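Notes follow the structure.
The values are calculated or read from the model by the stated rules, or taken from the named source; none is laboratory data. Values in this document were obtained by computation on a predicted structure and should not be read as measured data. Using ideal geometry, Cβ is built from the backbone for each residue, glycine included, and neighbour counts are taken over all protein chains shown. With ligands, DNA and RNA removed, areas are computed over all heavy atoms of the protein, side chains included. Shrake-Rupley method; radii C 1.70, N 1.55, O 1.52, S 1.80 Å.
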Amino acid sequence: MTPDPDRRTQLLRGVLDTCLLALLARTPTHAYELVVLLERHGIEGVGYGTVYPLMGRLRRQGLVEEQVEPSPSGPPRKVFSVSAAGRAALAEWAQQWDATTTSVRTLLATAGALPDPEVTPRVHS
């Protein structure tokens with residue numbers, strides 16, 4: 001069976017904002033560079049047309065700040081950075097992601113769908 005790209009897209013849709021905040025927490029950058037960084041981290045197929053509108057939403061939510069800086073070539077570019085509220089959201093979302101993925105990994109391993117000898121079953125009755 002070949003991997004379902006639509007399934008991967010759905011999974012990414014729920015965590016892409018967290019990934020973007022994490023990247024921006026390391027260094028402020030522009031939307032195009034965020035696409036490049038996502039690809040470097042193995043998250044391929046996320047284009048500028050997805051990232052830029054998402055950055056607008058994160059800005060409207062007060063999670064990122066936007067500053068216009070001159071570009072070495074061409075028009076000025078928008079550089080995004082994480083706000084204080086964005087750092088708090090990132091910490092909360094990262095914790096939620098960790099708890100969720102740990103639970104799912106445990107379930108899959110316990111059900112035999114994912115081999116992982118280090119997972120201790122935590123099945124609650």
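Could you list, in sequence order, all residues of the stretch 30-46 that are touching a residue at least 24 places away in the same chain (Cβ under 8 Å) and surrounded by 17 or more Cβ atoms within 10 Å (Cβ to Cβ)?
Result: H30, A31, L34, V46.
I'm trying to understand the selection: among the residues of the stretch 53-66, which are open to solvent by 70 Å² or more (accessible area, probe 1.4 Å) and assigned to a loop (DSSP other than H, G, I, E, B)?
Q61
Within the stretch 8-36, track down each residue that is more than 20 Å from A91 (Cβ to Cβ), of a type outside the set (D, E, K, R) and part of a helix (DSSP H, G or I).
T9, Q10, L11, L12, A31, Y32, V35, V36
Can we say T50 is within 22 Å of A94 (Cβ to Cβ), surrounded by 15 or more Cβ atoms within 10 Å (Cβ to Cβ) and either among the basic types (K, R) or at pLDDT 95 or above (or both)? Lay out the reasoning, then the answer.
On the way: within 22 Å of A94 (Cβ to Cβ): yes; surrounded by 15 or more Cβ atoms within 10 Å (Cβ to Cβ): yes; either among the basic types (K, R) or at pLDDT 95 or above (or both): no.
The answer is no for T50.
Condition first: in contact with a Ser or Thr (Cβ under 8 Å, 6 or more places away or on another chain) and open to solvent by 30 Å² or more (accessible area, probe 1.4 Å). Now tell me which residues in the stretch 19-29 satisfy that.
Hit for the stretch 19-29 is P28, nothing else.
So that you can scan it fast, the table gives a plain yes or no per residue for (1) among the charged types (D, E, K, R); (2) part of a helix (DSSP H, G or I):
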position	(1), (2)
G74	no, no
D98	yes, yes
T101	no, yes
L108	no, yes
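Mind checking whether some residue in the stretch 24-40 is in contact with a Pro (Cβ under 9 Å, 6 or more places away or on another chain) and under 24 Å from T101 (Cβ atoms)? Write out each step before concluding.
Initial filter on the stretch 24-40 (in contact with a Pro (Cβ under 9 Å, 6 or more places away or on another chain)): none.
Scanning the stretch 24-40 turns up no residue that is in contact with a Pro (Cβ under 9 Å, 6 or more places away or on another chain) and under 24 Å from T101 (Cβ atoms).
Considering only residues that are part of a loop (DSSP other than H, G, I, E, B) and free of Cβ contacts under 8 Å to residues at least 12 places away in the same chain, which ones fall in the stretch 76-86? Spell out how you get there, then give the answer.
Initially, the stretch 76-86 is screened for residues part of a loop (DSSP other than H, G, I, E, B), giving 76, 83.
Correct list: P76 only.
Please go through the stretch 8-41 and pick out each residue that is within 10 Å of the chain's Cα centre (by Cα), under 16 Å from S83 (Cβ atoms) and of a type outside the set (G, A, S). Don't jump to the end; show me each part of the working.
Let us first name the residues in the stretch 8-41 that are within 10 Å of the chain's Cα centre (by Cα), namely 12-23, 38.
Of the ones still in play, those that are also under 16 Å from S83 (Cβ atoms) are 17-18, 20-23.
If the condition is that a residue be within 10 Å of the chain's Cα centre (by Cα), under 16 Å from S83 (Cβ atoms) and of a type outside the set (G, A, S), then D17, T18, L20, L21, L23 are the ones that fit.
How many residues does the stretch 70-107 hold that are over 19 Å from L12 (Cβ atoms), open to solvent by 70 Å² or more (accessible area, probe 1.4 Å) and at pLDDT below 95?
Residues flagged as over 19 Å from L12 (Cβ atoms), open to solvent by 70 Å² or more (accessible area, probe 1.4 Å) and at pLDDT below 95 within the stretch 70-107 amount to 8.
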